[in-house]
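**Student:** Structure incoming, see below.
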Amino acid sequence: MTRSLLLFVVTLLGAFQDPPKAPEPKSDLYGDPLPPGAVARFGSLRFRHVEDVYAFAFLPDGKTLMVVDYGFINWWDVATGKPVR
């Protein structure tokens, strides 16, 4: 009887524990998310373009880079290398 009561109490206490948290997605050296299952990235996704780059220029503030590729104009934050718009 005592053992059954003890098992019941332990089981009941376990029900009040926080559920396990999902693991946070891994990221590379620059903080960009890695694909599922990846442990590292060679190179960087910073300033990456799918098409050929035809022209680029820094805006007067010196903090934004404008890049023209096939049919698109991309704006990049120079400090982080992430797209602005």
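**Student:** Would you mention how many residues in region 31-75 are of a type in the set (Phe, Trp, Tyr), modelled with pLDDT under 85 and either assigned to a loop (DSSP other than H, G, I, E, B) or open to solvent by less than 100 Å² (accessible area, probe 1.4 Å) (or both)? Spell out how you get there, then give the answer.
**Tutor:** Start the filter on region 31-75 by keeping residues that are of a type in the set (Phe, Trp, Tyr), which leaves 42, 47, 54, 56, 58, 70, 72, 75.
Narrowing the set further to residues that are modelled with pLDDT under 85 leaves 42, 47, 54, 70, 72.
Cutting the leftovers down to either assigned to a loop (DSSP other than H, G, I, E, B) or open to solvent by less than 100 Å² (accessible area, probe 1.4 Å) (or both) gives us 42, 47, 70.
Selection size over region 31-75: 3.
**Student:** So is Gly81 in contact (Cβ under 8 Å) with a residue 24 or more places away in the chain and part of a loop (DSSP other than H, G, I, E, B) or not?
**Tutor:** Values: in contact (Cβ under 8 Å) with a residue 24 or more places away in the chain: yes; part of a loop (DSSP other than H, G, I, E, B): yes.
When the stated conditions are applied, Gly81 passes them.
**Student:** Could you grab me the full set of residues in region 19-30 that are surrounded by 12 or more Cβ atoms within 10 Å (Cβ to Cβ) and modelled with pLDDT under 80?
**Tutor:** Within region 19-30, Asp28, Tyr30 qualify.
The values are calculated or read from the model by the stated rules, or taken from the named source; none is laboratory data. Bear in mind that the values here come from a model prediction, so they are computed numbers and not experimental data. FYI the Cβ positions are ideal-geometry reconstructions off the backbone, even for glycines, and counts take in every protein chain you see. Just so you know, the surface numbers come from the protein's heavy atoms only, side chains and all, with ligands and any DNA or RNA stripped out. Shrake-Rupley method; radii C 1.70, N 1.55, O 1.52, S 1.80 Å.
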